[in-house]
Amino acid sequence: MDDVDRVLLAALQENADMPAKRLAERVALSTSAVERRIARLKQDGVIEKIVAVVDPKAIGRPLSILVELEIQNEHRHTLDQFQRWLDRAPEIQSCWYVTGDMDYVLLVAVRDLAEYNAFIERLMTEQQALVRKYKSIIALKTIKHGLALSVEA
């Protein structure tokens, strides 16, 4: 990856809808050269996917809650099943398997506390053999929200 790729990545993280012609102007290359570079970055897995970042409030999910989960055991088969359950839960925006006192941290986006309570009840019912305890942290205000990564060398 060279400096041109880094400029392209930074620009695409700002606005993935930016036309190739405008990107080409930024890096002083032809439109087709820029398109080839972007295709290569996708093929190489540098660009995992192009997504639209949606404002949770605009779709009626203004409540963000971080949920820390401690599980009973960490057997590979059990973890695989549990992680598939987490992946299918529509309320979960992001999920991390972490070190420390807890095993997982979830970012849950819901309409209100009633919807969150229903999610927790489903979690504790369907995964009762695995989840030992959970802790909820309600976000009062979003200070920074984004997916962009620094691409500097």
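The values are calculated or read from the model by the stated rules, or taken from the named source; none is laboratory data. Model, not experiment: these values are computed from the prediction. Positions of Cβ are backbone-derived with ideal geometry, glycine not excepted, and every protein chain shown enters the neighbour counts.
Got at least one residue in region 42-63 being part of a strand (DSSP E or B) and either of a type outside the set (A, V, I, L, M, F, W, C) or closer than 30 Å to M102 by Cα (or both)? Checking region 42-63: at least one residue is part of a strand (DSSP E or B) and either of a type outside the set (A, V, I, L, M, F, W, C) or closer than 30 Å to M102 by Cα (or both).
Checking region 72-85 against the condition returns no match, with no residue being over 30 Å from N15 (Cβ atoms), in contact with an Asp or Glu (Cβ under 8 Å, 6 or more places away or on another chain) and in a strand (DSSP E or B). Quick one: would you say A118 is of a type in the set (G, A, S), surrounded by 11 or more Cβ atoms within 10 Å (Cβ to Cβ) and part of a strand (DSSP E or B)? In short, no. Of everything in region 8-23, what is surrounded by 15 or more Cβ atoms within 10 Å (Cβ to Cβ) and touching a residue at least 40 places away in the same chain (Cβ under 8 Å)? Give them in sequence order. Selection gives L9, A10, Q13.
Only one of the numbered conditions (1) over 25 Å from G146 (Cα atoms); (2) loosely packed, with under 15 Cβ neighbours inside 10 Å is violated by F82, and that is (2).
Filtered by the rule that a residue be farther than 30 Å from H77 by Cβ, modelled with pLDDT under 95 and not basic (K, R), region 121-149 gives T142, I143, H145, G146, L147, A148, L149. Whether any residue in region 94-101 is surrounded by 17 or more Cβ atoms within 10 Å (Cβ to Cβ), touching a helix residue (DSSP H, G or I) at 6+ places or on another chain (Cβ under 8 Å), in a strand (DSSP E or B) and not assigned by TED's automatic domain parsing to the domain that holds A16 is what I want to check. Checked against the condition, which is being surrounded by 17 or more Cβ atoms within 10 Å (Cβ to Cβ), touching a helix residue (DSSP H, G or I) at 6+ places or on another chain (Cβ under 8 Å), in a strand (DSSP E or B) and not assigned by TED's automatic domain parsing to the domain that holds A16, region 94-101 yields at least one hit.
Take the residues in region 32-49 that are surrounded by 10 or more Cβ atoms within 10 Å (Cβ to Cβ) and out of contact with any Leu (no Cβ under 8 Å at 6 or more places or on another chain); name whichever of them is farthest from L149 (Cα to Cα). Taking the candidates together, the pick is S32.
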